[in-house]
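These notes are about the structure you will find just below.
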Amino acid sequence: MDDALAEIDRLPGRHLYFLDDHLLGHKRFASDLFNGMKAMGRVFQGAATVDSILDGDLIEKAADAGLRSIFVGFESLDTANLKQSNKNQNLGRDYNRVIERLHDLGIMINGSFVFGLDGDDASVFSRTVDWAVEQGITTSTYHIATPYPGTLFYEKMKKGGRLLTDDWDRYDTRQVVFEPQCMSIDELKNGYDQAYRDFYSWRNVFHGSLAHGTRKHQLKHFFYTSGWKKFEPLWNLAIQMRQLNGMTHLLESVLSKVTGNFKNAAAFNTHTEGTPEMSPDQLSDINSQIT
Amino acid sequence: MKFKFILPSLLEAESPLWRPIKYSLFPPLGLATLAAYLPDGDEAVIVDQHVQKLDLDDDPDVVAIQVYITNAKRAYAIADQYRQRGVKVLLGGLHVTALPEEAAKHADVIFTGPAEESFPRFLEDLRQGRMQRVYASQTRSIQKIPPIRRELIQRRLYLVPNSIVVSRGCPHHCEFCYKDAFFKNGRSFYTQ
């Protein structure tokens with residue numbers, strides 16, 4: 001634990017991204033970590049499971065310590081799919097309650113979904129996208145189910161004679177490499193592509209933003225989602241200029257706090273509780289780096 | 001000795017649908033973690049092909065390559081080139097652990113599972129001249145490990161240079177996930 005906190009302390013700036021598979025997986029460790037981070041003034045992102053978000057008050061502690069956005073593997077809205085995949089931590093959990101809880105704490109959600117498990121037919125794509133938009137999930141990551149060698153899923157597909165190729169280059173979760181049960185290969189591939197197009201359509205970006213209670217959270221959702229998917233030339237320019245790090249400030253400002261007592265909750269740029277938003281200086285600094 | 005740690009770019013990073021930003025988010029923390037086990041006096045460089053040019057006309061003593069499923073072919077091609085010139089090549093990562101026989105054809109040494117214990121064991125063997133072909137993870141802990149070598153990471157090339165990992169694995173066992181394969185024969189969830 002001390003090593004983890006010391007490492008965090010050594011990192012410059014405010015923003016952190018925990019790449020742990022499951023940041024809330026060990027309750028005591030996570031609780032100690034968040035307690036230790038509380039006074040550090042960080043904003044951070046991480047990943048956790050559906051059940052851990054509903055269990056106890058760990059997620060509140062995380063929010064207090066600066067958690068502003070979380071990756072959640074919802075995977076599927078279909079119980080049979082979750083059972084078949086042994087993803088028991090999602091079973092019997094109310095996804096809507098998970099989302100409500102996170103949004104009440106001002107935490108944005110990156111929902112991860114997988115398509116093509118045996119319970120999925122061609123109607124799964126629009127159902128999944130519509131649900132995510134309605135719930136105000138900020139960003140969605142979609143995958144075509146991919147049986148990686150070494151996994152039980154792979155063994156099952158192999159035994160069933162359902163693997164289409166052993167060209168590993170195609171195992172990138174964007175291509176179909178096994179025979180789906182309730183739809184065709186083309187339906188799976190096209191439905192996956194369509195899901196991305198639909199979720200990130202301007203219409204749905206607006207619609208999803210409006211799912212939030214406060215104007216500030218709405219704007220944050222809007223900027224985060226559109227920033228991620230709609231400003232490719234800007235990102236590419238920053239990469240070409242080899243100044244991507246300069247964009248990190250922008251990310252920090254979008255991740256700043258949206259809950260609490262606001263003097264003016266309607267203004268995106270409100271300074272609250274010592275959480276510095278980006279100053280005009282920083283903005284012009286970034287502008288000069290990318291233009 | 002000169003060590004070169006390489007993360008070859010994933011194949012999808014070159015497709016027409018490639019979004020460069022998606023592959024410029026996180027630096028290769030695993031390689032920087034391993035570099036921390038090198039003794040003082042050894043040189044280390046990390047090359048992440050997603051954000052840097054990979055130059056193969058150099059002369060490191062040891063090359064260590066991190067292999068995922070969609071960079072496997074590229075990783076093997078890089079490995080073959082270095083080995084032809086007598087450079088020792090180490091391969092490790094998810095794909096190597098899933099398919100060790102496949103990877104072994106392109107390596108002097110393969111690592112299966114997490115390498116926080118096996119990599120320093122390898123370094124000791126290398127110095128004693130008794131290098132093995134396969135280093136499988138034996139004991140597992142990330143408590144009291146040397147601090148990650150962040151100075152080997154070029155921060156300005158990443159959107160999220162402050163990426164950090166304080167645990168390994170996960171308490172769950174989803175059938176589509178690599179985790180159980182990677183952490184076979186030992187603990188599959190532990191913290192710092």
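Order of B:R168, B:R127, B:R83, A:R68 from fewest to most other C-beta atoms within 10 Å? Please report the intermediate quantities before stating the final value.
Values: B:R168 21, B:R127 11, B:R83 15, A:R68 25.
Ordered from fewest to most neighbouring Cβ atoms within 10 Å, B:R168, B:R127, B:R83, A:R68 come out as B:R127, B:R83, B:R168, A:R68.
Taking 0.36 nm per residue of sequence separation and subtracting the Cα-Cα distance, how much length would be gained by fully extending the chain between A:N88 and A:S226, in nm to one decimal?
46.4 nm
Under a Cβ-Cβ cut-off of 13 Å, what is the net charge of the residues other than B:K105 that fall near it, where Lys and Arg count +1 and Asp and Glu count -1? Before the final figure, lay out the partial values.
Details: positive: B:K73, B:R83, B:R133; negative: B:D80, B:E101, B:E102, B:D108.
Around B:K105, the charge tally is -1.
Let me check I've understood the local charge: for B:R85, count other residues with C-beta under 13 angstrom from its C-beta, Lys and Arg +1, Asp and Glu -1. What total comes out?
Overall, the nearby charge balance is -3.
Enumerate by residue number the GluC sites (Glu not before Pro) in the stretch B:114-150 meeting two conditions: DSSP loop (anything except H, G, I, E, B), and at most 14 other Cβ atoms within 10 Å of the site's Cβ.
Of the GluC sites (Glu not before Pro), not one in the loops of the stretch B:114-150 has a Cβ with at most 14 other Cβ atoms within 10 Å.
Other chains near A:12-22: what is the mean number of their Cβ atoms within 10 Å of each residue's Cβ?
6
Work out how much length A:D121 to A:R215 would gain on full extension: take 0.36 nm times their residue separation and subtract the Cα-Cα distance, in nm to one decimal. The partial results should precede the final answer.
Details: separation 94, 0.36 × 94 = 33.84 nm, distance 3.73 nm.
Working it through step by step, the gained length comes to 30.1 nm.
Tell me the volume per residue, in Å³, of the convex hull enclosing the alpha carbons of the stretch A:58-144. Show your work: numbers first, answer last.
On the way: hull volume 7.7 nm³, N = 87.
Dividing the Cα hull volume of the stretch A:58-144 by its residues yields 89 Å³.
How shielded is A:106-115 by partner chains, expressed as the average number of their Cβ atoms within 10 Å of its Cβ atoms?
0
Quick one: Karplus J couplings for the stretch A:57-73, per residue in order, coefficients 6.51, -1.76, 1.60, θ = phi - 60°, nearest Hz, x for Gly and Pro?
The phi angles translate into 10, 4, 5, 5, 4, 4, 4, 4, 7, x, 5, 10, 7, 9, 8, 10, x Hz.
Within 10 Å of each Cβ of A:229-235, how many other protein chain Cβ atoms are there on average? Walk me through the numbers before you get to the answer.
On the way: counts 2, 0, 1, 3, 0, 1, 6.
Per residue, the number of nearby Cβ atoms from other chains is 2 on average.
May I ask you to order A:128-137, B:50-59, A:182-191, B:134-143 by the average number of other C-beta atoms within 10 Å around their residues, highest value first?
So the peptides A:128-137, B:50-59, A:182-191, B:134-143, ranked by packing, come out A:128-137, A:182-191, B:134-143, B:50-59.
Counting helices only, and only those DSSP H runs with n ≥ 4, report the 222 nm mean residue ellipticity of chain B as the sum of -39,500 (n - 2.57) divided by its residues, in deg cm²/dmol to the nearest 500.
That calculation yields -6000 deg cm²/dmol at 222 nm.
Fewest Cβ neighbours within 10 Å first, please rank B:Y190, A:Y142 accordingly.
With the sparsest Cβ surroundings first, the list reads B:Y190, A:Y142.
Can you give me the long-range amide H partners of B:K2? Hydrogens built in the peptide plane at 1.01 Å from N, cutoff under 5 Å, separation of 5 or more residues or another chain.
Placed amide hydrogens put B:E43, B:D61, B:V62 under 5 Å from B:K2.
For A:R162, B:R74, what ranking results if the residue with the fewest other Cβ atoms within 10 Å of its Cβ goes first?
Details: A:R162 15, B:R74 21.
If I rank by nearby Cβ atoms, fewest first, I get A:R162, B:R74.
With the convex hull built on the Cα atoms of the protein assembly as shown, state its orientation-averaged projected area in nm². Please report the intermediate quantities before stating the final value.
Working: hull surface 89.3 nm².
Answer in nm², one decimal: 22.3.
Pull up all non-local amide H partners of A:T49: gap of 5 or more, or a different chain, and H-to-H distance under 5 Å with H placed in the peptide plane.
Answer set, sorted by chain and number: A:L24.
Count charges around A:G92 for me, please; just the other residues with Cβ under 15 Å from its Cβ, Lys/Arg as +1, Asp/Glu as -1. Could the numbers behind the result be given before it?
Values: positive: A:K83, A:K87, A:R93, A:R97; negative: A:D51, A:D55, A:E75, A:D78, A:D94.
Neighbour charge sum, excluding A:G92 itself: -1.
Taking the mean number of other Cβ atoms within 10 Å as a proxy for protection, how do you rank A:174-181, B:61-68 from highest to lowest?
Result, highest mean first: B:61-68, A:174-181.
Under the rule of at least 5 residues apart or a separate chain, name every residue whose amide H is placed under 5 Å from the amide H of A:M108.
A:S69, A:I70
Where the eigenvalues come from the Cα gyration tensor of the stretch A:1-54, what are the semi-axes √(5λ) of the equivalent ellipsoid, largest first, in whole Å?
Details: eigenvalues 75, 31, 19 Å².
Equivalent ellipsoid of the stretch A:1-54: 19, 12, 10 Å, largest first.
Each residue of the stretch B:156-173 in order: what ³J(HN,Hα) in whole Hz does its phi give by Karplus 6.51 cos²θ - 1.76 cosθ + 1.60, θ = phi - 60°, with x for Gly and Pro?
6, 8, 10, 6, 10, x, 7, 6, 8, 10, 10, 9, 10, x, 7, x, 9, 9
Using only Cα atoms, tell me the angle between helix A:95-104 and the longest principal axis of chain A; keep it within 0 to 90° and round to the nearest 10.
On a 0 to 90 degree scale, this one is about 10.
Taking the Cα centre of the stretch A:2-290 as origin, work out the dipole magnitude from +1 charges on Lys and Arg Cβ and -1 charges on Asp and Glu Cβ, in debye rounded to 20.
500 debye
Considering chain B as a Gaussian network with a 10 Å cut-off on Cα pairs, which listed residue, B:G113, B:G129, B:G30, attains the greatest mean-square fluctuation?
Top of the fluctuation ranking is B:G129.
Determine the alpha carbon to alpha carbon distance for each of A:K38/B:K2; B:K4/B:K179; A:K27/B:K53; A:K38/A:K220 and list only those over 31 Å.
A:K38/B:K2; A:K27/B:K53
Please turn the phi angles of the stretch A:117-123 into ³J(HN,Hα) values with the Karplus equation 6.51 cos²θ - 1.76 cosθ + 1.60 (θ = phi - 60°), one per residue in order, whole Hz, x for glycine and proline.
After applying 6.51 cos²θ - 1.76 cosθ + 1.60, I find 5, 4, x, 8, 10, 5, 8 Hz.
Calculate, in whole percent, how much of the Cα-Cα pair population of chain B lies beyond 20 Å. Before the final figure, lay out each step's value.
Details: 10161 of 18336 pairs.
The proportion of pairs with Cα distances above 20 Å equals 55 percent.
Which whole-number percent of Cα pairs in the stretch A:2-290 have a distance greater than 22 Å?
Every Cα pair in the stretch A:2-290 considered, those over 22 Å come to 63 percent.
Bear in mind these aren't lab numbers, they're just calculated from the coordinates by the rules spelled out. On a predicted model such as this, the values are computed, not experimentally measured, just so you know. Don't worry about glycine lacking a Cβ; one is built from the backbone with ideal geometry, like all the others, and counts go over all protein chains shown.
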